[in-house]
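Engineer: I have a structure I would like to understand better, so I am pasting it below and will then ask my questions one at a time.
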Amino acid sequence: MKISDQKNSALPPIGSYVLAMALSTGLTITVIRTFPRVFLPTESKQTTQNNPQPQLVVNTNTPAIAKVPVKADNFVATAVEKVGPAVVRIDTERTVARNVPSFFNDPFFRRFFGNDSFPQFPKEYQQRGQGSGFIIDGSGIILTNAHVVKGADTVTVKLKDGRSFEGEVRGLDEPSDLAVIKINGENLPVAPLGSSEQVKVGDWAIAVGNPLGLDNTVTLGIVSSLDRPSSAVGIPDKRLDFIQTDAAINPGNSGGPLLNSEGEVIGINTAIRADGQGIGFAIPINQAKVIQEKLVKGESIPHPYIGVRMMTLTPEIIQKFNENPNALIQLPETEGVLIAQIIPNSPAAKSGLRRGDVITEIDGKKITTAEELQDIVQKSQIGKPLQFKVKRGTETQTLSISPGELKDASSSK
(Lines give C-alpha, C1' and ligand atoms only; values in the text may rest on other atoms or scores of the structure.)
Protein backbone atom coordinates (compact mmCIF):
# COMPACT_ATOMS: atom_id res chain seq x y z
CA MET A 1 0.00 0.00 0.00
CA LYS A 2 1.22 3.43 -0.84
CA ILE A 3 1.81 6.02 1.77
CA SER A 4 -0.68 8.40 0.18
CA ASP A 5 -3.43 5.81 0.33
CA GLN A 6 -2.86 5.33 4.09
CA LYS A 7 -3.34 9.05 4.78
CA ASN A 8 -6.57 9.22 2.82
CA SER A 9 -8.06 6.28 4.66
CA ALA A 10 -7.13 7.61 8.17
CA LEU A 11 -8.47 11.14 7.79
CA PRO A 12 -12.14 11.84 6.89
CA PRO A 13 -12.83 14.15 4.00
CA ILE A 14 -12.88 17.96 4.77
CA GLY A 15 -16.51 18.19 3.64
CA SER A 16 -17.58 15.96 6.51
CA TYR A 17 -15.95 18.34 9.04
CA VAL A 18 -17.65 21.35 7.55
CA LEU A 19 -21.01 19.62 7.57
CA ALA A 20 -20.63 18.57 11.22
CA MET A 21 -19.64 22.07 12.31
CA ALA A 22 -22.57 23.61 10.49
CA LEU A 23 -25.02 21.20 12.10
CA SER A 24 -23.52 21.82 15.57
CA THR A 25 -23.63 25.59 15.21
CA GLY A 26 -27.22 25.56 13.98
CA LEU A 27 -28.35 23.33 16.82
CA THR A 28 -26.62 25.57 19.41
CA ILE A 29 -28.21 28.73 18.06
CA THR A 30 -31.62 27.08 18.05
CA VAL A 31 -31.29 25.95 21.66
CA ILE A 32 -30.03 29.37 22.83
CA ARG A 33 -32.92 31.15 21.16
CA THR A 34 -35.35 28.72 22.70
CA PHE A 35 -33.89 28.91 26.27
CA PRO A 36 -32.07 32.28 26.47
CA ARG A 37 -32.22 32.65 30.29
CA VAL A 38 -30.58 29.25 30.74
CA PHE A 39 -27.70 29.54 28.35
CA LEU A 40 -27.00 33.29 28.13
CA PRO A 41 -24.93 34.54 31.10
CA THR A 42 -26.17 37.69 32.88
CA GLU A 43 -24.08 40.81 32.65
CA SER A 44 -21.46 40.84 35.36
CA LYS A 45 -21.45 43.48 38.04
CA GLN A 46 -18.06 44.70 36.84
CA THR A 47 -19.29 45.05 33.26
CA THR A 48 -22.36 46.92 34.44
CA GLN A 49 -20.26 49.36 36.44
CA ASN A 50 -17.88 49.91 33.54
CA ASN A 51 -20.58 50.22 30.95
CA PRO A 52 -23.69 51.53 32.67
CA GLN A 53 -26.85 51.17 30.66
CA PRO A 54 -30.29 52.62 31.46
CA GLN A 55 -32.46 50.01 33.12
CA LEU A 56 -36.27 49.74 32.92
CA VAL A 57 -37.54 49.01 36.41
CA VAL A 58 -40.99 47.48 36.69
CA ASN A 59 -42.71 47.59 40.11
CA THR A 60 -45.12 44.68 40.12
CA ASN A 61 -46.62 45.91 43.43
CA THR A 62 -47.94 49.18 41.96
CA PRO A 63 -51.75 49.08 41.86
CA ALA A 64 -53.42 49.53 38.53
CA ILE A 65 -54.74 53.04 37.82
CA ALA A 66 -58.51 53.11 37.61
CA LYS A 67 -59.92 54.35 34.36
CA VAL A 68 -61.86 57.61 34.66
CA PRO A 69 -65.19 57.44 32.86
CA VAL A 70 -65.54 59.86 30.03
CA LYS A 71 -68.77 61.28 31.50
CA ALA A 72 -68.77 61.36 35.32
CA ASP A 73 -71.95 62.21 37.26
CA ASN A 74 -72.22 65.78 38.58
CA PHE A 75 -73.11 65.55 42.28
CA VAL A 76 -74.63 69.03 42.23
CA ALA A 77 -76.96 68.17 39.36
CA THR A 78 -77.87 64.89 41.07
CA ALA A 79 -78.64 66.64 44.36
CA VAL A 80 -80.76 69.30 42.69
CA GLU A 81 -82.70 66.72 40.68
CA LYS A 82 -83.54 64.99 43.96
CA VAL A 83 -84.65 68.09 45.88
CA GLY A 84 -85.49 70.68 43.23
CA PRO A 85 -89.12 69.63 42.64
CA ALA A 86 -89.86 70.08 46.37
CA VAL A 87 -88.48 73.66 46.48
CA VAL A 88 -91.33 76.17 46.20
CA ARG A 89 -91.73 79.86 45.51
CA ILE A 90 -93.78 81.79 48.07
CA ASP A 91 -95.58 85.00 47.01
CA THR A 92 -97.19 87.11 49.72
CA GLU A 93 -99.41 90.17 49.96
CA ARG A 94 -99.96 92.25 53.05
CA THR A 95 -101.96 95.40 53.74
CA VAL A 96 -99.77 98.23 55.01
CA ALA A 97 -101.04 101.47 56.52
CA ARG A 98 -99.66 104.59 54.88
CA ASN A 99 -98.33 107.34 57.12
CA VAL A 100 -99.74 110.59 55.76
CA PRO A 101 -98.40 113.87 57.25
CA SER A 102 -101.04 115.37 59.53
CA PHE A 103 -101.04 118.81 57.90
CA PHE A 104 -102.52 117.29 54.72
CA ASN A 105 -105.68 116.55 56.69
CA ASP A 106 -105.69 119.76 58.72
CA PRO A 107 -109.04 121.63 58.02
CA PHE A 108 -107.34 125.06 58.42
CA PHE A 109 -104.86 124.41 55.63
CA ARG A 110 -107.56 122.87 53.42
CA ARG A 111 -109.78 126.00 53.80
CA PHE A 112 -106.89 128.33 53.21
CA PHE A 113 -105.37 126.59 50.18
CA GLY A 114 -108.44 124.72 48.96
CA ASN A 115 -109.13 121.00 48.95
CA ASP A 116 -107.81 120.59 45.42
CA SER A 117 -104.35 121.75 46.48
CA PHE A 118 -103.79 118.70 48.65
CA PRO A 119 -103.18 115.29 47.08
CA GLN A 120 -105.42 112.46 48.15
CA PHE A 121 -103.30 109.60 49.52
CA PRO A 122 -104.87 106.21 50.17
CA LYS A 123 -104.63 105.22 53.80
CA GLU A 124 -103.51 101.68 52.91
CA TYR A 125 -101.64 99.93 50.14
CA GLN A 126 -100.79 96.35 49.20
CA GLN A 127 -97.20 95.29 49.75
CA ARG A 128 -95.93 92.25 47.87
CA GLY A 129 -93.15 89.98 49.00
CA GLN A 130 -91.42 86.85 47.83
CA GLY A 131 -89.39 84.03 49.30
CA SER A 132 -88.64 80.34 49.10
CA GLY A 133 -89.57 77.20 51.00
CA PHE A 134 -89.54 73.42 50.64
CA ILE A 135 -92.02 70.61 51.20
CA ILE A 136 -91.03 68.26 54.03
CA ASP A 137 -94.12 66.05 54.14
CA GLY A 138 -96.44 64.55 51.54
CA SER A 139 -99.42 66.03 53.36
CA GLY A 140 -98.29 69.50 52.24
CA ILE A 141 -96.18 70.80 55.15
CA ILE A 142 -93.71 73.48 54.02
CA LEU A 143 -90.82 75.02 55.96
CA THR A 144 -89.77 78.62 55.36
CA ASN A 145 -88.58 81.73 57.22
CA ALA A 146 -90.87 83.64 59.54
CA HIS A 147 -89.93 86.96 57.95
CA VAL A 148 -91.14 85.67 54.57
CA VAL A 149 -94.76 85.26 55.69
CA LYS A 150 -95.00 87.58 58.72
CA GLY A 151 -98.11 89.77 58.50
CA ALA A 152 -99.17 88.29 55.16
CA ASP A 153 -102.85 88.44 54.25
CA THR A 154 -102.46 85.97 51.39
CA VAL A 155 -99.81 83.34 50.72
CA THR A 156 -99.46 81.69 47.31
CA VAL A 157 -97.24 78.63 46.88
CA LYS A 158 -95.93 77.79 43.41
CA LEU A 159 -94.26 74.46 42.59
CA LYS A 160 -91.63 73.81 39.97
CA ASP A 161 -94.09 71.69 37.96
CA GLY A 162 -96.32 74.75 37.49
CA ARG A 163 -98.97 74.00 40.10
CA SER A 164 -100.12 76.80 42.38
CA PHE A 165 -101.76 76.53 45.82
CA GLU A 166 -103.18 78.83 48.44
CA GLY A 167 -101.07 78.46 51.56
CA GLU A 168 -102.14 78.55 55.19
CA VAL A 169 -99.63 79.76 57.78
CA ARG A 170 -99.92 77.12 60.51
CA GLY A 171 -97.32 78.58 62.85
CA LEU A 172 -94.66 81.24 63.07
CA ASP A 173 -91.79 81.84 65.49
CA GLU A 174 -89.86 85.09 65.07
CA PRO A 175 -86.91 84.43 67.43
CA SER A 176 -85.98 81.31 65.44
CA ASP A 177 -87.17 82.88 62.15
CA LEU A 178 -89.13 79.74 61.26
CA ALA A 179 -92.62 79.32 59.88
CA VAL A 180 -94.77 76.40 58.72
CA ILE A 181 -97.16 76.62 55.76
CA LYS A 182 -99.81 74.04 54.82
CA ILE A 183 -101.08 73.38 51.30
CA ASN A 184 -103.59 70.82 50.06
CA GLY A 185 -102.41 68.83 47.07
CA GLU A 186 -101.78 65.35 45.73
CA ASN A 187 -98.54 63.66 44.70
CA LEU A 188 -96.46 66.39 46.25
CA PRO A 189 -92.65 66.06 46.00
CA VAL A 190 -90.81 65.88 49.33
CA ALA A 191 -87.29 67.05 50.15
CA PRO A 192 -85.20 64.48 52.09
CA LEU A 193 -83.94 65.87 55.41
CA GLY A 194 -80.38 65.20 56.56
CA SER A 195 -78.68 65.87 59.90
CA SER A 196 -76.95 69.15 60.68
CA GLU A 197 -75.09 67.39 63.50
CA GLN A 198 -72.99 65.54 60.91
CA VAL A 199 -72.01 68.68 58.99
CA LYS A 200 -68.33 69.60 59.06
CA VAL A 201 -66.47 72.74 58.04
CA GLY A 202 -65.33 72.28 54.46
CA ASP A 203 -68.34 70.18 53.40
CA TRP A 204 -70.06 71.09 50.15
CA ALA A 205 -73.08 73.40 50.50
CA ILE A 206 -75.71 73.81 47.78
CA ALA A 207 -78.25 76.63 48.13
CA VAL A 208 -81.52 76.33 46.19
CA GLY A 209 -84.23 78.95 45.97
CA ASN A 210 -85.77 81.83 44.04
CA PRO A 211 -83.47 84.82 44.49
CA LEU A 212 -84.50 88.15 42.97
CA GLY A 213 -87.58 86.50 41.45
CA LEU A 214 -85.50 84.03 39.43
CA ASP A 215 -87.08 80.63 40.00
CA ASN A 216 -85.08 77.48 40.73
CA THR A 217 -81.65 79.03 41.10
CA VAL A 218 -78.74 76.93 42.41
CA THR A 219 -75.47 78.18 43.94
CA LEU A 220 -72.54 76.14 45.22
CA GLY A 221 -70.06 76.73 48.04
CA ILE A 222 -68.76 75.16 51.21
CA VAL A 223 -69.64 75.21 54.89
CA SER A 224 -67.23 77.85 56.16
CA SER A 225 -68.15 77.77 59.86
CA LEU A 226 -70.56 76.21 62.35
CA ASP A 227 -72.44 77.36 65.46
CA ARG A 228 -72.32 81.07 64.65
CA PRO A 229 -74.43 82.78 67.37
CA SER A 230 -77.04 85.20 66.07
CA SER A 231 -75.59 87.90 68.33
CA ALA A 232 -72.17 87.50 66.69
CA VAL A 233 -73.74 87.64 63.23
CA GLY A 234 -75.40 90.96 64.04
CA ILE A 235 -78.97 89.70 64.53
CA PRO A 236 -79.45 90.14 68.29
CA ASP A 237 -83.23 89.65 68.16
CA LYS A 238 -82.86 86.03 67.03
CA ARG A 239 -82.12 82.93 69.10
CA LEU A 240 -80.07 80.78 66.76
CA ASP A 241 -76.69 79.24 66.06
CA PHE A 242 -76.19 79.42 62.30
CA ILE A 243 -74.39 77.37 59.69
CA GLN A 244 -72.14 79.79 57.82
CA THR A 245 -71.60 79.25 54.10
CA ASP A 246 -70.09 81.03 51.13
CA ALA A 247 -72.76 79.70 48.77
CA ALA A 248 -74.47 82.79 47.37
CA ILE A 249 -77.69 83.61 49.26
CA ASN A 250 -79.60 86.58 47.83
CA PRO A 251 -82.97 88.20 48.61
CA GLY A 252 -85.62 85.67 47.67
CA ASN A 253 -83.44 82.73 48.74
CA SER A 254 -84.81 83.11 52.27
CA GLY A 255 -86.56 79.93 53.36
CA GLY A 256 -84.97 77.76 50.69
CA PRO A 257 -82.96 74.64 51.53
CA LEU A 258 -79.21 74.32 52.01
CA LEU A 259 -78.15 70.87 50.79
CA ASN A 260 -75.19 68.59 51.33
CA SER A 261 -73.48 66.70 48.50
CA GLU A 262 -75.96 63.83 48.91
CA GLY A 263 -78.95 66.05 48.19
CA GLU A 264 -80.19 66.14 51.82
CA VAL A 265 -81.40 69.31 53.52
CA ILE A 266 -78.95 70.40 56.23
CA GLY A 267 -80.18 73.95 56.76
CA ILE A 268 -82.65 76.70 55.86
CA ASN A 269 -81.21 79.77 54.12
CA THR A 270 -82.15 82.74 56.24
CA ALA A 271 -79.77 85.68 56.33
CA ILE A 272 -77.06 87.60 54.53
CA ARG A 273 -74.69 90.27 55.77
CA ALA A 274 -74.75 93.49 53.78
CA ASP A 275 -71.14 94.18 54.79
CA GLY A 276 -69.97 90.61 54.14
CA GLN A 277 -68.92 89.55 50.67
CA GLY A 278 -70.07 86.01 49.97
CA ILE A 279 -71.16 85.15 53.52
CA GLY A 280 -74.57 83.68 54.20
CA PHE A 281 -76.22 81.90 57.10
CA ALA A 282 -78.63 79.00 57.45
CA ILE A 283 -80.69 77.59 60.31
CA PRO A 284 -79.49 74.04 61.14
CA ILE A 285 -82.16 71.56 60.08
CA ASN A 286 -82.03 69.69 63.41
CA GLN A 287 -83.17 72.84 65.22
CA ALA A 288 -85.89 73.38 62.64
CA LYS A 289 -87.21 69.80 63.02
CA VAL A 290 -87.94 70.30 66.72
CA ILE A 291 -89.57 73.70 66.25
CA GLN A 292 -91.69 72.78 63.21
CA GLU A 293 -93.29 69.85 65.04
CA LYS A 294 -94.71 72.30 67.59
CA LEU A 295 -95.66 74.93 65.02
CA VAL A 296 -97.66 72.39 62.99
CA LYS A 297 -99.73 71.69 66.10
CA GLY A 298 -100.28 75.41 66.69
CA GLU A 299 -98.09 75.47 69.78
CA SER A 300 -95.94 78.45 70.71
CA ILE A 301 -92.18 78.12 71.16
CA PRO A 302 -90.88 79.21 74.60
CA HIS A 303 -87.92 81.58 74.59
CA PRO A 304 -86.62 82.36 78.10
CA TYR A 305 -84.91 85.71 78.60
CA ILE A 306 -83.55 87.79 81.50
CA GLY A 307 -83.44 91.21 79.79
CA VAL A 308 -79.83 92.36 79.47
CA ARG A 309 -77.42 93.58 76.82
CA MET A 310 -74.01 92.08 77.48
CA MET A 311 -70.52 91.53 76.16
CA THR A 312 -67.67 89.15 76.83
CA LEU A 313 -65.21 90.76 79.23
CA THR A 314 -61.63 90.83 77.89
CA PRO A 315 -58.38 92.24 79.33
CA GLU A 316 -58.49 94.98 76.66
CA ILE A 317 -61.99 96.07 77.70
CA ILE A 318 -61.02 96.06 81.38
CA GLN A 319 -57.93 98.19 80.73
CA LYS A 320 -59.74 100.69 78.50
CA PHE A 321 -62.65 101.02 80.93
CA ASN A 322 -60.54 101.38 84.07
CA GLU A 323 -58.24 103.96 82.46
CA ASN A 324 -61.23 106.18 81.66
CA PRO A 325 -61.22 109.02 84.27
CA ASN A 326 -64.98 109.51 83.76
CA ALA A 327 -65.87 105.90 84.57
CA LEU A 328 -68.25 105.67 87.50
CA ILE A 329 -67.03 102.21 88.51
CA GLN A 330 -63.93 100.06 88.18
CA LEU A 331 -64.21 96.69 86.49
CA PRO A 332 -62.78 93.70 88.34
CA GLU A 333 -59.78 91.91 86.85
CA THR A 334 -61.61 88.70 86.05
CA GLU A 335 -63.14 86.61 83.27
CA GLY A 336 -66.88 86.84 82.78
CA VAL A 337 -69.73 88.66 81.04
CA LEU A 338 -70.12 92.40 81.44
CA ILE A 339 -73.67 93.75 81.73
CA ALA A 340 -73.87 96.79 79.45
CA GLN A 341 -77.59 97.53 79.79
CA ILE A 342 -80.62 96.40 81.80
CA ILE A 343 -84.02 96.31 80.09
CA PRO A 344 -86.63 98.06 82.28
CA ASN A 345 -89.14 95.78 84.04
CA SER A 346 -87.21 92.70 82.91
CA PRO A 347 -86.38 89.74 85.20
CA ALA A 348 -82.81 91.07 85.47
CA ALA A 349 -84.02 94.50 86.56
CA LYS A 350 -86.40 93.02 89.14
CA SER A 351 -83.63 90.83 90.59
CA GLY A 352 -81.32 93.77 91.30
CA LEU A 353 -78.77 93.17 88.53
CA ARG A 354 -76.99 96.42 87.58
CA ARG A 355 -75.14 97.87 84.65
CA GLY A 356 -71.41 97.23 85.12
CA ASP A 357 -71.93 93.94 86.95
CA VAL A 358 -69.78 91.02 85.79
CA ILE A 359 -71.41 87.58 85.75
CA THR A 360 -68.88 84.82 86.42
CA GLU A 361 -71.06 81.78 87.24
CA ILE A 362 -74.61 80.48 86.70
CA ASP A 363 -75.77 77.62 88.92
CA GLY A 364 -72.14 76.84 89.78
CA LYS A 365 -70.98 76.73 86.13
CA LYS A 366 -68.19 79.11 85.17
CA ILE A 367 -69.17 81.65 82.51
CA THR A 368 -66.53 83.31 80.32
CA THR A 369 -68.45 84.42 77.20
CA ALA A 370 -71.75 86.08 76.38
CA GLU A 371 -72.60 83.13 74.12
CA GLU A 372 -72.31 80.72 77.07
CA LEU A 373 -74.66 82.86 79.16
CA GLN A 374 -77.18 83.11 76.31
CA ASP A 375 -77.09 79.35 75.76
CA ILE A 376 -77.78 78.60 79.44
CA VAL A 377 -80.68 81.04 79.58
CA GLN A 378 -82.16 79.74 76.32
CA LYS A 379 -82.12 76.17 77.65
CA SER A 380 -83.60 77.12 81.03
CA GLN A 381 -87.23 76.94 82.13
CA ILE A 382 -89.41 80.01 82.30
CA GLY A 383 -90.08 80.91 85.93
CA LYS A 384 -87.42 78.56 87.35
CA PRO A 385 -84.75 80.60 89.23
CA LEU A 386 -81.12 80.61 88.13
CA GLN A 387 -78.37 81.50 90.59
CA PHE A 388 -76.04 84.17 89.17
CA LYS A 389 -72.65 84.81 90.78
CA VAL A 390 -71.90 88.49 90.19
CA LYS A 391 -68.82 90.65 90.79
CA ARG A 392 -69.71 94.26 91.53
CA GLY A 393 -66.53 96.25 92.06
CA THR A 394 -64.64 94.49 94.83
CA GLU A 395 -67.70 92.63 96.11
CA THR A 396 -69.15 89.26 95.05
CA GLN A 397 -72.89 88.62 95.25
CA THR A 398 -75.32 85.86 94.33
CA LEU A 399 -78.56 86.93 92.66
CA SER A 400 -81.56 84.73 91.90
CA ILE A 401 -83.09 85.50 88.48
CA SER A 402 -86.16 83.74 87.10
CA PRO A 403 -86.22 83.91 83.28
CA GLY A 404 -89.35 85.32 81.68
CA GLU A 405 -90.97 84.80 78.25
CA LEU A 406 -89.39 86.86 75.49
CA LYS A 407 -92.74 87.27 73.74
CA ASP A 408 -94.19 88.95 76.82
CA ALA A 409 -91.32 91.42 76.86
CA SER A 410 -91.93 92.30 73.20
CA SER A 411 -95.66 92.83 73.69
CA SER A 412 -95.13 95.12 76.70
CA LYS A 413 -93.02 97.62 74.74
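Engineer: Send over a whole-number figure in Å² for the accessible area per residue of the stretch 120-250, probe 1.4 Å.
Structural biologist: Computed with neighbouring chains in place, this is 49 Å² per residue.
Engineer: What is the distance in Å between the Cα centroid of the stretch 315-354 and that of the stretch 276-299?
Structural biologist: Comparing the Cα centres of the stretch 315-354 and the stretch 276-299, I get a distance of 33 Å.
Engineer: Taking all protein chains in place and a 1.4 Å probe, what share, in percent, of the accessible surface of the stretch 295-413 do carbon and sulfur account for?
Structural biologist: Answer for the stretch 295-413: carbon and sulfur cover 49 percent of the accessible area.
Engineer: OK, next. Starting from one equal scatterer on each C-alpha and no solvent at all, send me the Debye-based log10 I(q)/I(0) for the stretch 358-407 at q = 0.19, 0.24, 0.31 Å⁻¹, two decimals.
Structural biologist: Treating every Cα as an identical point scatterer, log10 I(q)/I(0) equals -0.61, -0.92, -1.26.
Engineer: Then there is this: Under the classification rounded if a/c is under 1.5, otherwise prolate if a/b is larger than b/c and oblate if not, where does the stretch 165-268 fall, given a ≥ b ≥ c as square roots of the Cα gyration tensor eigenvalues?
Structural biologist: Verdict is oblate for the stretch 165-268.
Engineer: Of the options GLN397, PRO332, THR360, report the single residue whose Cα projects farthest towards the positive end of the charge dipole of the stretch 318-413 (beta-carbon charges: Lys, Arg +1; Asp, Glu -1).
Structural biologist: Projecting each Cα onto the dipole axis, the largest value belongs to GLN397.
Engineer: What three numbers, in Å, describe the spread of the alpha carbons of the stretch 260-341 along their principal axes, ordered from the longest?
Structural biologist: Largest first, the stretch 260-341 extends 57, 35, 22 Å along its Cα principal axes.
Engineer: Can I ask one more? Whenever you get a sec, compute what percent of the accessible area on the stretch 130-183 sits on carbon and sulfur atoms (1.4 Å probe).
Structural biologist: Answer for the stretch 130-183 is 44 percent, counting heavy atoms of protein chains only.
Engineer: Can you work out the accessible area per residue across the stretch 259-412, with the rest of the protein chains kept in place, probe 1.4 Å, in square angstrom?
Structural biologist: Result: 54 Å² per residue.
Engineer: When a/c reaches 1.5 or more, the comparison of a/b and b/c decides; with that in mind, is the stretch 153-207 rounded, prolate or oblate per its Cα gyration tensor?
Structural biologist: oblate
The values are calculated or read from the model by the stated rules, or taken from the named source; none is laboratory data. Quantities reported herein were computed from a predicted structural model and do not represent experimental measurements. Neighbour counts run over all protein chains shown; Cβ positions are idealised from the backbone, glycine included. Remember, those area values only see protein heavy atoms, side chains included, never the ligands or the DNA or RNA. Shrake-Rupley method; radii C 1.70, N 1.55, O 1.52, S 1.80 Å.
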